[in-house]
Structure formats: structure tokens, C-alpha cells
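Engineer: Could you have a look at this structure, given as C-alpha cells, before my questions?
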Amino acid sequence: MILTGKAKLAGVIGWPISHSRSPQLHGFWLDRHRIDGAYVPLAIAPENIKTALAGLAAAGFRGLNVTLPHKLAAFAACDTIDDNARRIGAVNTIIFGDDGKMHGSNTDAFGFVENIRQNSRWQSGGVAVVLGAGGAARAVCVALIDSGVTEIRVLNRTRERAEALARDLGRPLAVADWSRRADLLADATMLVNTTSLGMTGQPPLDIDLDALPADAVVNDIVYVPLETGLLAAARARGNEVVDGLGMLLHQARPGFEAWFGVKTEVTEELRNFVLGKG
Ligand code: ATR
């Protein structure tokens, strides 16, 4: 597509940025909807973040996605912060408003819940077990709280991090020891892995699923590989499983709509395209 002088511009900032799949994903939607616009990967060094944000706003960008290591710096730089970004403690989506202000939001919780809704029959409620206490766990817990689960058991190798998360987000979070990850599954309706365990190049996630109810949904935030050891084991015993790619795809929707003015969908075709099978 040839861009005109009126092309709508957005992009993703990170350091490094070459691994980001966001340009492919937004590029697919831009193409599909025949939008006069572009979405570009931008490698911005941490020391340049403030200048870059101001410069991109001045250059007419509509907004940006923010990836590592800029999510906290973006939080600090924005003029307004939405409720989810405040609770998660990080900004992943910026809108440069017509008012000249920088509006920060976080769409990861939305991405998580939309992925579960689209790909499982999960009925919100009951007990969720969340493994990990990093940034991804924060977004998952916010989403689970808002979807009405009665209890979220957070288990992390470093227990203090789980306790900090529980302090920040409050009820219904309950912290338990990492060593109890197998026996605390007994009454769970959902199990989510937000740790890096099971990712290509990382150690596997070692967990015994015997106690997990047959109707519990199992989700892994890890999407490289798409079918992690956890998902394969859960699938083999008959649990419904949801992979992590959908969260990445769904979290992109609110930004795209804000910058380019079109509502998007996550389809099988988009998944295949982002996986390089398109
Ligand atoms: P993110 O922001 O993507 O969630 P992160 O903050 O680096 O990333 O968190 C990674 C998660 O994987 C953490 O919960 C981490 O546990 P610690 O808080 O104890 O570091 C977890 N993790 C990484 N390697 C692990 C391992 N070998 N065993 C158990 N947990 C591990």
C-alpha cells in the first residue's frame, strides 16, 4: 500500500525491538481493512525515551505500543493513566490525544480475558491458580478479579514477589508456597502459567496435574512454543487448554481501534499469519 500524506501512523517502541510480532499483527489488519496507515517497529534506547515520545507525538503519530524495557518509563511519561495501567503498574499502549496529551493504558488484562473467552468454555467464578508474580501475572490477576473469580492463588518461586502482588491488588488474592503448586489445584476452575518456565530455552515447568479438576481450563502465557509442556500434559488428561498467542493478538485490538478507527477481530487467518504460516 502506498502511503499518502494523510497516513495514520503508529508503532511499537522497545529495546531491542526486532523480536516484536506487533508490526506483523497490525500490518495484517491495516492491509485487511485497506487503511491509509503504517505501524512501525522503533528501537529506542532507554536514555532516549522521553525525547522519542515527544518527537513521535510532534511528528503526528497517533500512538504507540510499548514493550520491554519501556513500560515503566512510559507510565512515568504519560499525562493520564487509565485504571488498568495503574493497577498493573505499567503502560503498554499510548494514545497521543488531539488535546496534545499522552494517554497511557494497559490492554494486557483485556487481552488475557478475551483470549480465554474466545478459546474456552470457561465460566468465570471459582478458584484460579496463577503461577508467577511478574508483570504478566499482574495483568492476569487484574483480569481475573474483574471477571469475578472468588479466589486467586498466587504461587511464585520468590514468595515475597507474590506477597507484594497480593498487597497491591488485595482480595481475592491469596499467596501460597511454590512447593504447593500441585496440591492447591484440587478445586481450581483455571490454571495459568505466567512464569517463563516452558519457554524455548528455559527449563520446563514441573507440575503434577493429577489433582486438577477435569473441567478446569489451563492457559499458558508462554507462546514459544505454542504448545508448551504444560498445555500438552493438560490436553492429554482432557482439560480444555488455551495457548498464549491469543493474549498477544487480543491485547493489540484496543490500540488499533484508537489509532486507526476500525474495530478488529482475531481470526485463525491472523494467527497463522503471525505464526509465519500465512
Ligand atoms: P514477566 O514480566 O514477563 O512476568 P518477570 O518479571 O521476569 O517477567 O517474571 C518471570 C516469572 O517467572 C517470575 O514469576 C519468576 O519467578 P521469580 O519471581 O522467583 O524470579 C518466574 N521464573 C523464572 N524462572 C523460574 C524458575 N526457574 N523457577 C520458578 N519460577 C521461575
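Engineer: I'm trying to understand the selection: among the residues of the range 164-177, which are within 15 Å of the ligand (Cβ to nearest atom) and farther than 18 Å from Gly135 by Cβ?
Structural biologist: Answer for the range 164-177, where residues must be within 15 Å of the ligand (Cβ to nearest atom) and farther than 18 Å from Gly135 by Cβ: Ala176, Asp177.
Engineer: Out of all the residues in the range 131-149, which are open to solvent by 20 Å² or more (accessible area, probe 1.4 Å) and more than 9 Å from the ligand (Cβ to nearest atom)?
Structural biologist: Matches in the range 131-149: Ile145, Asp146, Ser147, Gly148.
Engineer: Moving on to the next point. Filter the range 150-169 down to the residues that are part of a helix (DSSP H, G or I) and of a type outside the set (Gly, Ala, Ser), then identify the one that is least open to solvent (accessible area, probe 1.4 Å).
Structural biologist: Leu165
For (1) more than 30 Å from Leu30 (Cα to Cα); (2) out of contact with any Asp or Glu (no Cβ under 7 Å at 6 or more places or on another chain); (3) within 16 Å of the ligand (Cβ to nearest atom), each residue gets a yes or a no:
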residue	(1), (2), (3)
Arg181	yes, yes, yes
Ala188	yes, yes, no
Leu197	yes, yes, yes
Gln202	yes, yes, yes
Asn239	yes, yes, no
Glu257	no, yes, no
Glu268	no, yes, no
Asn272	no, yes, no
Leu275	no, yes, no
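Engineer: If I ask for residues that are farther than 23 Å from Ala232 by Cβ, outside any strand (DSSP E or B) and not basic (Lys, Arg), which ones from the range 170-202 would you list?
Structural biologist: Those that are farther than 23 Å from Ala232 by Cβ, outside any strand (DSSP E or B) and not basic (Lys, Arg): Gly170, Pro172, Ser179, Asp187.
Engineer: If I go through the range 12-37 residue by residue, how many of them are under 19 Å from Glu265 (Cα atoms) and open to solvent by less than 20 Å² (accessible area, probe 1.4 Å)?
Structural biologist: Here the count works out to 7.
Engineer: Kindly indicate whether any position in the range 198-209 is of a type in the set (Ser, Thr, Tyr), more than 30 Å from Lys6 (Cβ to Cβ) and surrounded by fewer than 14 Cβ atoms within 10 Å (Cβ to Cβ).
Structural biologist: First, the residues of the range 198-209 that are of a type in the set (Ser, Thr, Tyr): 200.
Now restrict to residues that are more than 30 Å from Lys6 (Cβ to Cβ): 200.
With surrounded by fewer than 14 Cβ atoms within 10 Å (Cβ to Cβ) added as a condition, the list becomes 200.
Taking every residue of the range 198-209 in turn, at least one turns out to be of a type in the set (Ser, Thr, Tyr), more than 30 Å from Lys6 (Cβ to Cβ) and surrounded by fewer than 14 Cβ atoms within 10 Å (Cβ to Cβ).
Engineer: Continuing with the same structure: Spot the failing condition for Val192; the list is (1) of a type in the set (A, V, I, L, M, F, W, C); (2) open to solvent by 10 Å² or more (accessible area, probe 1.4 Å); (3) within 16 Å of the chain's Cα centre (by Cα), and only one is missed.
Structural biologist: The failed condition is (2).
Engineer: Please tell me if Thr264 is assigned to a loop (DSSP other than H, G, I, E, B) and under 24 Å from Val149 (Cβ atoms). Steps first, answer last, please.
Structural biologist: Working: assigned to a loop (DSSP other than H, G, I, E, B): yes; under 24 Å from Val149 (Cβ atoms): no.
Here the answer is no, as Thr264 does not meet what is asked.
The values are calculated or read from the model by the stated rules, or taken from the named source; none is laboratory data. Everything numeric in this text was worked out from a predicted model, so none of it was measured. As a convention, Cβ positions derive from the backbone with ideal geometry for all residues, glycine included, and neighbour counts pool all protein chains shown. We work out accessible area using only protein heavy atoms, side chains counted, and drop any ligands, DNA or RNA first. Shrake-Rupley method; radii C 1.70, N 1.55, O 1.52, S 1.80 Å.
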